[in-house]
Each structure stands twice: as C-alpha cells, then as structure tokens.
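Below is one structure; the comments refer to it alone.
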Amino acid sequence: MARACRVPRPAALLPLRVAAVALVLSFTSLASAESAWKDIWNSGSVAKQLSVEGDLQTRALIGQREQSATAAVRAANGKLRLDYRAGRRKWSLIDDGSKLIRLSPERRMAFAFPRPSLATDSALAQRNYVARAVGEAEVAGRPVKIVEVSRPHGPIAWRVWLDREYGFALKRERYNVDGRLVSGTEYTTIRFGVPVSSDVFEIPKDWKLVDENGGGRRYRVSDLSKQVGFEVATPRYLPQGYVLQGGYVERRGRHGRVAAELRYTDGLRLLSISQRMKGEGDDDRRGGSRHRGGRGEGRGGERGAGERGGRRGRGGGERGGGRERGGGRDGWGFGPPQGEAMTVIDRGSEKALRYFSKERVIVIVGDLPRDELVRVATSLD
Amino acid sequence: MPECDRIRKQLSYYAVGGVRGGAHARVERHLASCAACRAELTALERTGAIVTSVGPVPAPPGTWEAIRDQILDRPRQAVPRPARRFWRVAIGVAALLIFALAVAFVRPFRAPQPPIAVAVELEADDTDTPATIESHLSAQWSAPLADEAAVGLRLSELGGS
C-alpha cells in the first residue's frame, strides 16, 4: 500500500511564509539602499558634467541666527559660479575646479582660498551611513525622488531631492548631529544643457587677487611636521567612523603664521584639527575673552586667578580650576597645562573648540557633540 | 501465639533488668503460665553468662594502625562543608560590591573634564578659529553631499579672508 503524501497544515507553513517574506524584504531593502547610494554618487558626478543655469534660495544657521540669500547659478565643465544676493548685499563665488574665489564687487577684489581635493571614499560613507529612498515630489517644476541619509539608528543627516531625469540635486537639507536642520538649498528655476560662457568663471581683469593660503596640498602627518617645522600632535581618540583624510599647511593672519591642519572624515562629515606654535602676542590670549567677562582682568596670575565671568559651560568655574580637575600635561596630553579653559563655539552646523596649550594654539572644528569634541582635544598627543 | 511473640521481643531486655513497671508485671505473669517462653528466657540468660565470662580481649597488634591508615588514605569527599560555601559566597558578593563601587566612583574621574566656556559668536581678537572654520568649510565644499550654495553663504559670513 502506497504511503499517503502528508500535506502540511496552513499553520505549520506560517513560519516558512514569515521567513520568506523577511528574506524578500531584506533583499528589497538592501537593493533599495544600494540604489539610493548609487543615486547619491551619481548626483555628484552629473553636477560636474552638466551645463546648468538656474536660480536658488539658500539658508544656513550661523550661530543662533538663520541667514538666507538667493543666488543665480551657472555651471559648466566642472566649474560653478554663484551670484548671491541677500538684501542689498551682493557677492559672487567661483569654483574653478582648483580654488574657491570670492568676488567682492564693492572692493573690486577677489579672495582665493584652497579647495582641497577630498578623496571621496564611498565605501567609508556607506559603512558609516545608511541611505534610503523615501518618496517622490516636485521641485522647480520637475519630478524628483527623495533620498535620506543618516547614521544607523541616528537622526537624519541629509535629505536630498534628486531630479528623476538627470539625477541632479535640486534641493538639499542638512542636519547636524543633534538632528537640527542647519542649512537648506532649493532651486526655484533650472535649465539643463544651456551654453554657459567660460568667462563667467574668470576673475575680472582689473581686479586684485588675494591668494594667501597656498594650494591646499595634502600631506602625510610626517611630511606635514616637516612642512610646518614642528611635531604635529595627533589625537589618540577619534569619534566612531572617522579616519585621517590628510594634512594641510595653512598660512594665516598678517604675519603669515604657519598652522598644521589635520582633516578627518567619516565619509560625509569632516573634522578639522588646526594647530600652530604660539607666537608673539599669544601669551595675552590664553583662554577667556574680553567680551565674556573681562579676560584682561582675569589674568591675575600665571595660572589665571581672575574670575571668568559671563557664559560658562559645565565645569567653568574660576580660571585655574582646571588643574585641580585633573588638568596638566599628565592627564590631558596637550590639554590646558596652565589650567586654562577651553572655549566651545556653537556655530550651528558645526562646533569649534579652541584652547591654548603651553606651546600651541589649537582649534578643532567639526559637527560633533561637545563632549566628543572635548574628548578629541584632550587626547591630542 | 501473638502473646508469646510480644513477650519474647522484650525477653532480652527483661533478662538484663531493662523492663520495668507494668511491662515487667505482664512479662512475669506470662512466664508463670508459658513453659516455652521460660525456656527461651533460660537460653538467653545462659548466653549472657557465657559472654560475661569471656571478658575483654585485646586486639591483635597493628589493628588500630591499619584502621587509621585506611582512614587517612581515603580520598576526601567533594561535598563542600557549609562553612566553606558561606565564605565563597561572601567573597563573591564582596568582589561584586568592590567592582560596582569602582565603576560608580572611579569612572567619572578617569577622564577629567576641563573647564569649558560656551559661546555662539566668534571673538573679535580671535583669528585662529575663523581661519580654521574657513578652511573646514572650503574642504566641505568638495565633500560628498555638499550644499555648495549654503557653504558659500556661510563662507561669506566669515568675511572671505
């Protein structure tokens, strides 16, 4: 007698069905993430290839204020010109592919600053962030798809509206690590494939060019130390996902003081650590501020006995208290050996931390929580 | 007979004077009427007299040493004594407490926080911070997902060199 074929009951099939659906969903999700990343990288390359004319509105949180402007955009052959207007103020910015040049029509001057070549590490970005397509909309009368980028389980970091036809980013929103919207740009009109004269990317002939900063060449840390003439301190602690991108030489101020700048990236965000040896006049500028409660009065002694008035953050008691709190070279590496306070300036989209060690002036800039910034600073070695 | 069975269970005690009171009277009455139980008692008394007459006999030489050696050679049993178990638990609890205290009190002091002043505006006499922000922003210009227009707006706020 032939054995009867046993047909599984529907209830017994349920786990199999759930597993199959989960498998399909996870593949779909992976494919969707892969597609979103592809759209993002594509938007970067098409922006360099397309010839574009348009108008946009942009806004950015600077300190506690939101600044906004409109700008006429012209782009061709990897070059870009933005002619800004904010109220009665006008200025222009040219990206000629190697430098950023700010045109000041009132002074008929052009200020160039380096446009460092960042090695785009897409693998690093995709390791630290997740991207997903979240919907469709219309910007400047054109259909777009919306892509969001965030740290895994973190708040949104970027939202980008990509033209469905060209892949060009027509709208962008950037959020800081706290999930706060800190800048946004949206095209109001755009035309693709229009001829753009190469003259618009040139500095007008009779204008004065100020180019003090050099070329923004990238160095390894050991070579950077040779270039700047002092041993460059590197942090023992870096926030999760950040890697060294390169070292740069900066010349700043009227005296052309040489600073070493280390730049780190997590693939999308940057962290800059600038350091220079103290020079003449720096001894008068050890922590504190005239604006914030009379640093001048506060310099009561070598270890800063004066009261530090005004806004104070955590731990900001009397100057000189830092030593009792574990300050000094032993505990802090390059941390304030004289018990000097660090100053954190919250600029909205990034924070800057500045302090004076015994020998150096150190500034760290990045979109990081304050404690992370302090941790990086105190790990400099 | 059931009565005989009950009485015979007590006969060995009765023989050495270990049965008293009402039980003693019951045994006396039964013995008076039962010849079999009297014979049993007589046998018991005779055996007792023989054992008493022999007296203590010294053990053969080396017996106690052999017993002692056997006791010492036997491996100890694995069951921990209650006192040892208590101390093990106590030491474990103490170690946990010390660890918890170390985490609670030592950790905050491991990385001392320097005094930090917080500001939102750049200081007029500070040239280093704006210069670093400027180079940071110009690097951001060419970073993936960069919003060039917003970066340009922010650069202009710094004065552009």
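Numbers at a glance
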| read-out | value |
| --- | --- |
| Residues of the stretch A:208-233 classified as open to solvent by less than 50 Å² (accessible area, probe 1.4 Å) and outside any strand (DSSP E or B), total | 11 |
| In the stretch A:114-139, the residues that are touching an Asp or Glu at 6+ places or on another chain (Cβ under 8 Å), hydrophobic (A, V, I, L, M, F, W, C) and crowded, with 17+ Cβ neighbours inside 10 Å | A:L124, A:A125, A:A131, A:V139 |
| Close pairs from the stretch B:124-137: first acidic (D, E), partner in a helix (DSSP H, G or I) and open to solvent by less than 10 Å² (accessible area, probe 1.4 Å), Cβ under 7 Å, at least 6 apart | B:E134/B:L155 |
| Residue in the stretch A:194-206 that is in a strand (DSSP E or B) and in contact (Cβ under 8 Å) with a residue 12 or more places away in the chain present | no |
| Criterion violated by A:Q64 - all others in (1) exposed (fewer than 14 other Cβ atoms within 10 Å of the Cβ); (2) within 22 Å of A:L162 (Cβ to Cβ); (3) facing chain B (nearest Cβ under 8 Å) satisfied | (2) |
| Residue among B:S142, B:S156, B:S138 that is open to solvent by 20 Å² or more (accessible area, probe 1.4 Å) and among the hydroxyl-bearing types (S, T, Y) | B:S142 |
| Residue in the stretch B:94-108 that is closer than 21 Å to A:V344 by Cβ, at pLDDT below 70, part of a helix (DSSP H, G or I) and within 14 Å of another protein chain (Cβ to nearest Cβ) present | yes |
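The values are calculated or read from the model by the stated rules, or taken from the named source; none is laboratory data. Every value quoted in this text rests on a predicted model; they were computed, and no experiment measured them. Don't worry about glycine lacking a Cβ; one is built from the backbone with ideal geometry, like all the others, and counts go over all protein chains shown. We work out accessible area using only protein heavy atoms, side chains counted, and drop any ligands, DNA or RNA first. Shrake-Rupley method; radii C 1.70, N 1.55, O 1.52, S 1.80 Å.
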